[in-house]
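The values are calculated or read from the model by the stated rules, or taken from the named source; none is laboratory data. Computed from a predicted model, the values in this text were never measured in an experiment. All Cβ positions, glycine included, derive from the backbone under ideal geometry; neighbour counts span all protein chains shown. All accessible areas refer to the heavy atoms of the entire protein, side chains included, with ligands and DNA or RNA removed. Shrake-Rupley method; radii C 1.70, N 1.55, O 1.52, S 1.80 Å.
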Amino acid sequence: MASKETAIVEITPEVLLKAYACGIFPMAENADDPSLHWVEPPMRGIIPLDRLHIPSRLARTVKADQYTVVTNRDFDAVIDGCAEAAPGRTNTWINKRIRKLYRGLYAIGHCHTVEVYDGDNLVGGLYGVSLGAAFFGESMFHRARDVSKIALVHLVARLNAGGFTLLDTQFLTDHLKTLGAYEVPRVHYQKLLANALEGDADFEAVPPDRPLPGSTALALASPD
């Protein structure tokens, strides 16, 4: 379900957090569209934090530590990466209002990035919103093979270290299915969300600028 604003109204980061707590989130038609859609999908994508599926080739790549993975270093660069054109996507739903809103959430500690660097070059990453013990994944990008998946493994590792219980991916994609994501109906999702919002998790349980060794990230992301 989605509703579109009939006029441009002010949405603050605090209002946005209340929307997330109700299970809805904003999107835009494209980068030039000044309005927002409020979206509440009938089926919601979830990645189980205790059952992330890491294929053996990906596990070897993570463990090799070819890349440096940190968090919350360069929010604007991650937004730019998520908004850029990619195969199968010539336009983006990230408009100026989305950028401003999530930058505001970042400033008050409720929006976070995972960033993958090859030397000094940002080659992939993701961003999302934390609230209670829930993390809402917003978007990811890659400029090299598998780096968005590496970012996701490190995200799950940090979420598990910080005591999170829910990783919401909004929609289910083939890319996420390969990592164990699945869909739940809206009613089920609301129960998971309510339980997670009662929790108290810490995204920075692992210091943001402290890279996790790949072997540690794998152990935290896939404890079984």
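Matching residues to (1) more than 16 Å from the chain's Cα centre (by Cα); (2) open to solvent by 30 Å² or more (accessible area, probe 1.4 Å):
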position: PHE171; (1), (2): no, yes
position: LEU179; (1), (2): no, no
position: TYR182; (1), (2): no, yes
position: VAL187; (1), (2): yes, yes
position: PRO223; (1), (2): yes, yes
ask   = Pairs under 6 Å by beta carbon, first residue on the phi > 0 side of the Ramachandran plot in region 139-161, partner in a helix (DSSP H, G or I) and open to solvent by 10 Å² or more (accessible area, probe 1.4 Å), six or more apart or different chains?
value = ASP146/THR61
ask   = What are the residues in region 46-86 that are within 22 Å of GLN170 (Cβ to Cβ), in contact (Cβ under 8 Å) with a residue 40 or more places away in the chain and not hydrophobic (A, V, I, L, M, F, W, C), if any?
value = PRO48, ASP50, ARG51, HIS53, THR71, ASN72, GLY81, GLU84
request  = Six or more apart or on different chains, Cβ under 9 Å: which pairs go from a residue in region 18-40 that's free of Cβ contacts under 8 Å to residues at least 40 places away in the same chain and assigned to a helix (DSSP H, G or I) to one that's of a type outside the set (S, T, N, Q) and surrounded by 14 or more Cβ atoms within 10 Å (Cβ to Cβ)? Could you list them?
outcome  = ALA19/ILE11; ALA19/PHE25; ALA19/PRO26; ALA19/TRP38
query = Is at least one residue of region 131-140 touching a helix residue (DSSP H, G or I) at 6+ places or on another chain (Cβ under 6 Å), modelled with pLDDT under 95 and crowded, with 23+ Cβ neighbours inside 10 Å?
reply = yes
